[in-house]
Amino acid sequence: MTSPPQAATAGNDTTTTGEPTSLDKEKSGKSSGEHTGRSPGQLMWMRFKRDRTGVVAACVVLFFFAIAALAPVIGMLYGKDPYTFYGQNDPSLLGPFGYPTGGPGGISGEHWFGIEQDLGRDVMMQLLYGMRTSLYTAVPITIVAVLIGVLMGLVGGFFGGSTDRWVGRVTDFFMALPSQLFLISTMPVVVALFVDPQKETPVYVRFSAMLIILSLLGWMGMARLVRSQTLSLREREFVEAARVSGASRWRILRKEVLPNLYTPILVQGTLMLPMAILSVAFLSFVGIGYTEPTPDWGRMFQTAGKVYQDNPTYMLFPGIAMVIFVVAFNLFGDSVRDAIDPKAGR
């Protein structure tokens, strides 16, 4: 009789029992490692990196924040500050009628962006410190407005009923206020509550007044967005399951609803910051925000409006910087929205 065929040859990778060998395990391990799942954050980052416009806008925004934060260091290296009257210390920098001499607007190797008319302060340092003032004011305003809007939207959307009606009426009331006129009429009143009108108003008082007013006028859009999202989330299965399991309302809001609102809150917050900067600049432009000698973007536009016929260069640099920053931040916000939710922009 002939012997039965061998169950496995020397070149086979499996045994007679069909169990995978170490070579199979190694191959399967490599294959599974190449196809590991990615978290939502990793997917968002991958989509954002592919958006060249968003990456460039993010770099521009970071650049503005960096130079605003490093304004004292830049001033030390540059050898100038925003408060010294260089034109009065050196009469050759200003002409007989207070106009900057030399290049357009007094641009020279000593003063890269020129000097201010009449007073002779360095425009570059005024701009850097003005950006610093505007950003340091707008960021807290945006944070407070976002917190108020999220709180009001969560309360109205989750509890519903009479609570939602009252929150809605309060939101409608604030949205009905003419924001520009309300800002102009309210700022002096709020400032007068802290300081005697006969005395000089400290900078921190003006900052506090703008924080209060602009925060109270800037939360309504966030509240309506959060409310609409909360209305849809509270009917979802996972929220019902948490409610049936006996979880408290606070736990459901904190653990189930709020984590699903991070995306719209983040996107809306990135769009609110440029508006806060423009509002701060507007208050300083009309003379009820930051005043002399505090450097500020809006105050530079106010000065430029007085001297643009004789010194148009003074408006050039703050105007270009403002346009670039606002456009870049809006593009950055749109890119973040598309990266988090690719279907949102379709």
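General observations
- Per-residue [θ]222 nm for the chain (sum of -39500 (n - 2.57) over DSSP H runs n ≥ 4, rounded to 500): -21000 deg cm²/dmol
- D by Stokes-Einstein for the range 82-133, Kirkwood Rh over Cα pairs, 25 °C, 0.890 mPa s: 231 µm²/s.
- Within-12-Å neighbourhood charge of Val191 [Cβ basis; K, R +1; D, E -1]: 0
- Put simply, the chain fits an ellipsoid with semi-axes of 56, 33, 14 Å; these come from the alpha carbon gyration tensor as the roots of five times its eigenvalues, largest first.
- Degrees, to the nearest 10: 179-194 long Cα axis against longest axis of the chain: 70
- Principal axis dimensions, the range 193-324 - Cα atoms, whole angstrom, descending: 72, 38, 16
- Each 5 Å bin from zero up to the one holding the largest Cα-Cα distance in the range 93-212 carries the following percent of pairs: 2, 9, 11, 11, 12, 12, 12, 10, 7, 4, 4, 3, 2, 1, 0.
- Folded to 0 to 90 degrees: helix 161-176 orientation relative to the chain principal axis, Cα: 40
- Between 0 and 90°, nearest 10: helix 262-285 axis offset from the chain longest Cα axis: 10
- Highest-first arrangement of 316-326, 113-123, 139-149, where packing means the average Cβ count within 10 Å: 113-123, 139-149, 316-326
- Cα centroid separation - the range 68-108 against the range 134-164, whole Å: 43
- Mean shadow area of the range 124-278 over all directions, Cα convex hull, nm²: 11.3
- Under the criterion of Cα pairs below 8 Å and six or more residues apart, the relative contact order for the chain equals 22 percent.
- Probe 1.4 Å, accessible area per residue of the range 247-346, Å²: 47
The values are calculated or read from the model by the stated rules, or taken from the named source; none is laboratory data. Just so you know, these numbers come straight off a predicted model, no measurement behind them. FYI the Cβ positions are ideal-geometry reconstructions off the backbone, even for glycines, and counts take in every protein chain you see. Protein only, heavy atoms only, side chains kept; ligands, DNA and RNA dropped before computing areas. Shrake-Rupley method; radii C 1.70, N 1.55, O 1.52, S 1.80 Å.
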